[in-house]
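The values are calculated or read from the model by the stated rules, or taken from the named source; none is laboratory data. Just so it is clear, the model here is predicted, and its values are computed rather than measured. Because the Cβ atoms are built from the backbone with ideal geometry, glycine has one as well, and the counts that use them run over all protein chains shown.
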Amino acid sequence: MSEQNYIGGEWTGADGGATYEKASPWRPSETVGAFAASTEADVDAAVTAAAAAFPAWAKLPLAARGGYLTAAAAALERRSDEIATDMSREMGKPLRESRGETLRAAQILRYAASEAFRPVGEHFEQSLTGRQVSTRRRPLGVVGLITPWNFPIAIPVWKLAPALVYGNTVVLKLAYEAPQTGLHVAEAFAEAGLPAGVLNVLTGRGSTAGAALVRDPRVRAISFTGSVPTGHGVRDEATRAGKRVQLELGGHNPLIVTADADLARAAEAAYAGAFWSAGQKCTATRRIYVQDGAYDAFREAFLTRIERGRVGDPLDAETEVGPIVNQSQFDEVVQAIDRGRDEGGEVTAGGERAHEEALLLPPTVFEGVADDAFLSCEEVFGPVTSLYRFGDLDEALARANAVPFGLSASIFTSSLADATRFQNEAQAGLLHVNSQTAGAEIHVPFGGIKQSGFGPHEQGRSAIEFYTEVVTIYVDP
Ligand code: NAD
């Protein structure tokens, strides 16, 4: 059934029966499956089902809705090996990270279910009479979720879990490049006995199915994670139609290493941050600023770690760096490396294709890249990072902050004063002191500032802001 959409509690092919094939990033001549190429009519059917399911779903107690999430979490855990394998096969994430992400998705569902036991309003007194006036958070209705391929289970789940628990019904458009993983989530909810129409999951192109979801007037809100240009287009269209919009977009995340830092830890964090998942994370480390006195030692530790790194088949449990998701992304990363060289950067490690067939690039490190060069300013979604020298923290912070993005930033230091300045002045929504730029807890807010985000942050207690609206209720006897 993998090639079908999940609409109104049924597995169904795209209107007209069209499918598309997803190629393997490890063996691009092989396909991993055929999936529904959803049309506007499929989106229409999904929104109709979600709208019909909304009144009964919204009436259920929060804890009853949470019960379905807990049951779906158990279903995901039961099939976690299969999901992780499918994820690695279809989008190339190394198995050890795919496993972690799958289990994290189950944890997100359990966390969201526990929100049923927290306040959904506040109680006040009317000023003259002391009578009741209170606020209550209510669901919005049908919400549309649009997700990228690089976290193909965590991101769909961290959007749909709060959406559902607060009483909304959902139409989820999965990423074109990672359909199979997301369809497992629909299967888990089907197994959990979720009422028909509460969650509807579609595969297919963003420009058809995604755009139709954004346009549909019955959809009250759109939560989107993906690239900056697509996200801005989605925001403009949706806000024109009066919808609520949340965007999580790209990043250009700096890591600062001061001279007194633990360089072994910093080198390990730089490796993981820049190269795990082949750098295909919005929070990946793109720029590494190292203070003069530590530059050579850090550089050596970093290059040694790269030599020890395991690059290869994503289904090998030892692999740390797998392939790029598809041919066009691969070509873009190769072009960015060429441009980095043309603009005067020097390749210190990697830089050349690492496998005849697989879309594999090794960890690639640049030095001597100008602050205004392409690599210093634009997100390159691959295993590419640059090393820069700095003198003092003023300089490091100014250069780290000199991009329009503001998703994640990290400092390695043993100075409390430097760590404190970083916490006050680094321009990013996620700040790490002595840990890598990637990585996020499920029970705290996640999101970027500047061009990296728009609207309330996701996850933790912030999720309630987006998926509910507040009404104020005056009660007089
Ligand atoms: P993308 O923008 O190409 O696609 C994201 C989603 O939007 C996909 O489901 C796609 O099908 C859909 N889409 C495409 N065109 C659309 C349209 N016209 N209308 C509606 N939907 C449309 O991004 P991607 O390549 O899948 O993901 C990589 C990008 O996502 C990177 O830039 C990365 O930094 C970003 N990202 C951000 C976060 C974050 O939380 N900040 C997390 C992961 C990825």
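Based on this model, can you work out whether residue 343 counts as surrounded by fewer than 19 Cβ atoms within 10 Å (Cβ to Cβ), in contact with a helix residue (DSSP H, G or I) (Cβ under 8 Å, 6 or more places away or on another chain) and outside the structural domain of residue 99 (by TED's automatic domain parsing)? Yes: the conditions hold for residue 343.
Considering the conditions (1) part of a helix (DSSP H, G or I); (2) farther than 20 Å from residue 291 by Cα, residue 361 is excluded by exactly one of them, (1). Among the residues of the stretch 30-44, not a single one is over 30 Å from residue 361 (Cα atoms), surrounded by fewer than 18 Cβ atoms within 10 Å (Cβ to Cβ) and among the hydroxyl-bearing types (Ser, Thr, Tyr). Yes or no: the stretch 46-61 includes at least one residue that is part of a helix (DSSP H, G or I), in the same structural domain as residue 115 (by TED's automatic domain parsing), charged (D, E, K, R) and crowded, with 22+ Cβ neighbours inside 10 Å. No, that holds for no residue.
Elements of the type strands (runs of 3 or more DSSP E) sitting completely within the stretch 205-320 and holding at least 3 residues that are within 9 Å of the ligand (Cβ to nearest atom), closer than 30 Å to residue 39 by Cβ and in contact (Cβ under 8 Å) with a residue 60 or more places away in the chain: these cover 219-225. Filtering the stretch 433-466 to residues that are of a type in the set (Val, Ile, Thr) and within 24 Å of residue 235 (Cβ to Cβ) leaves 449, 464.
On the basis of being on the phi > 0 side of the Ramachandran plot and over 21 Å from the mean Cα position of the chain (by Cα), does residue 67 make the cut? Steps first, answer last, please.
Working: on the phi > 0 side of the Ramachandran plot: no; over 21 Å from the mean Cα position of the chain (by Cα): yes.
Judged against the criteria, residue 67 is not a match.
Pairs linking a residue in the stretch 77-100 that is free of Cβ contacts under 8 Å to residues at least 12 places away in the same chain and hydroxyl-bearing (Ser, Thr, Tyr) to a residue that is assigned to a helix (DSSP H, G or I) and buried (at least 19 other Cβ atoms within 10 Å of the Cβ), with Cβ atoms under 8 Å and 6 or more positions apart or on different chains, do not occur.
Candidates in the stretch 433-460 are the residues that are away from the ligand (no atom under 15 Å from the Cβ) and in contact (Cβ under 8 Å) with a residue 40 or more places away in the chain; of these, the one that is surrounded by the fewest Cβ atoms within 10 Å (Cβ to Cβ) is 443.
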